[in-house]
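A short write-up of the structure that comes next.
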Amino acid sequence: MSELPVSETDLQAYGDGRLGAERRAMVEAWLASRPEEAERVAAYQRLGKEVRAAYEAMLSEPVPERLAQAATRRFPWGRAAAIAGWIALGMAIGVPAGWQLRPERLVAQAAPDSTPIARRAAVAHATYSPEVRHPVEVGADDEQHLVAWLSKRLGMKVRAPKLDEAGMSLVGGRLLPGENGPVAQFMYQSQNGKRLTLYVRTEASRNRETAFRYARENNVGVFYWIDREAGYALASTDLSKDELLRLANLCYKQLEP
Amino acid sequence: MDEAQRLVELIPRLRRYARALVGDRAGADDLVQDTLERAWTKLHLYQQGTDLRAWLFTVMHNVHVNRMRATRLADPLGDEMPELASRTQPDALVLRDLDRAIARLPADQRAVLLLVTLEEMSYEEVARTLGIPIGTVMSRLSRAREKLRAMMLRQGAATKLKVVK
């Protein structure tokens, strides 16, 4: 049987155990008559074992705190934690609702827009969330269609975040008139009937990002934020501020563009 | 599972590779920390559903290359390498020899050798991670192994014959 040529790549792959059966047999046959080459490949294999053994202990060492922090503390998780802290502080020192909450500092500000997203979202929530028979236009059973339709009307990709892990399941959504074009509203409901709406609109300035802000409009609690081309407001009358923050955080994570 | 959790789970592997790549523990952990921080600022470039490990190793590679360029450290260990490993550890000497030998490999050969040997990445994965053609992966791997073998042979001979340079 005539021998086929064996390349250096074949030898490396053979030593790494990465050849198919046929090729492996061929290389083995080739090495059988070349003891020096066979020894070289065997030496590579021994070295590989030594290298793996030498550094293996690193895998079972506890992760240093600073690295665990570097892996987890970043935005947005860190941001949410910082905001939660500020909210607690705000409540403790009696900061009025409607103040802007930032991780770095608390800033008192007049309403930045003439009709803030929080107010519009609160009004929409108050209008539709008590509906028993017609809370939404398109139900969650047709979620794909709902999302495609709203995306088309808003002119940007709209998604309904999954909030089931927080006990809120999607009821459906509807299209609403907004100041600068159509707005989407998704409605969620818990098993015991608590309702939550997510109000989504396009933002004119596309590169803005804000921290979460909290506002109370009458009885409606609203967390709202702007993330590049989209403005979001999460509204509920039934949920506590902490529950709402947790949900806002869940939405934020999933809606990241 | 969110990215933060997956990043935490990958830390031990990043540390192992960084430890072998950089040669000392503190420097390795600095590299891992820079990598994690860089990963967060670049996370929007990571495509959901693709291999997060391969992506992170790419980030680490880029961070490492930039740091090497910035510090111009050709050989961070040299002959002045301090005794880092504890003497009571039986593998300490082997580790030290290996560290020295690996540190003397050219940086791009070292990366290929370690990704194949430690991470047991496929040759294709290594090519993607380092952004080089697969032919280059194979030639660097071959050269790295041959150099490492020669260095370890010399070290072995030196130890046995008690020859001092």
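Taking every pair of alpha-carbon atoms in the range A:8-59, give the share separated by more than 12 Å as a whole percent.
Working: 874 of 1326 pairs.
Roughly 66 percent, once rounded to a whole number.
Contour minus end-to-end for A:THR9 and A:ARG153, with contour as 0.36 nm per residue of separation and end-to-end as the Cα-Cα distance?
Numbers: separation 144, 0.36 × 144 = 51.84 nm, distance 5.58 nm.
Contour length minus the Cα-Cα distance gives 46.3 nm.
Can you list the GluC sites (Glu not before Pro) in the range A:154-226 that are in a DSSP coil and have 13 or fewer other beta carbons within 10 angstrom? Working shown, then result.
Values: sites: A:GLU165, A:GLU179, A:GLU203, A:GLU209, A:GLU217; in loops: A:GLU179, A:GLU203.
Passing both the DSSP loop test and the Cβ count: A:GLU179.
Of A:LYS194/A:LYS253; A:LYS152/A:LYS194; A:LYS49/B:LYS42; A:LYS162/B:LYS42; A:LYS152/A:LYS241; A:LYS152/B:LYS42, which ones are farther than 27 Å apart at the Cα?
Details: A:LYS194/A:LYS253 22 Å; A:LYS152/A:LYS194 29 Å; A:LYS49/B:LYS42 34 Å; A:LYS162/B:LYS42 24 Å; A:LYS152/A:LYS241 32 Å; A:LYS152/B:LYS42 29 Å.
Violating the 27 Å limit, Cα to Cα: A:LYS152/A:LYS194; A:LYS49/B:LYS42; A:LYS152/A:LYS241; A:LYS152/B:LYS42.
Which three numbers, in whole Å and largest first, are the semi-axes of the equivalent ellipsoid of the range A:97-255 derived from its Cα gyration tensor as √(5λ)? Show your work: numbers first, answer last.
Working: eigenvalues 103, 67, 42 Å².
Listed largest to smallest, the semi-axes of the range A:97-255 are 23, 18, 14 Å.
If each of A:ALA25 and A:ALA68 carries a label point 7 Å out from its Cα toward its Cβ, how far apart are those two points in nm?
Going from the A:ALA25 label point to the A:ALA68 one covers 5.3 nm.
Computed from the coordinates by the stated procedures, all read-outs in this text should not be read as laboratory data. None of the values given here were measured: they were computed from a predicted structure. Neighbour counts are summed over all protein chains in view; Cβ atoms, including those assigned to glycine, are modelled from backbone coordinates with ideal geometry.
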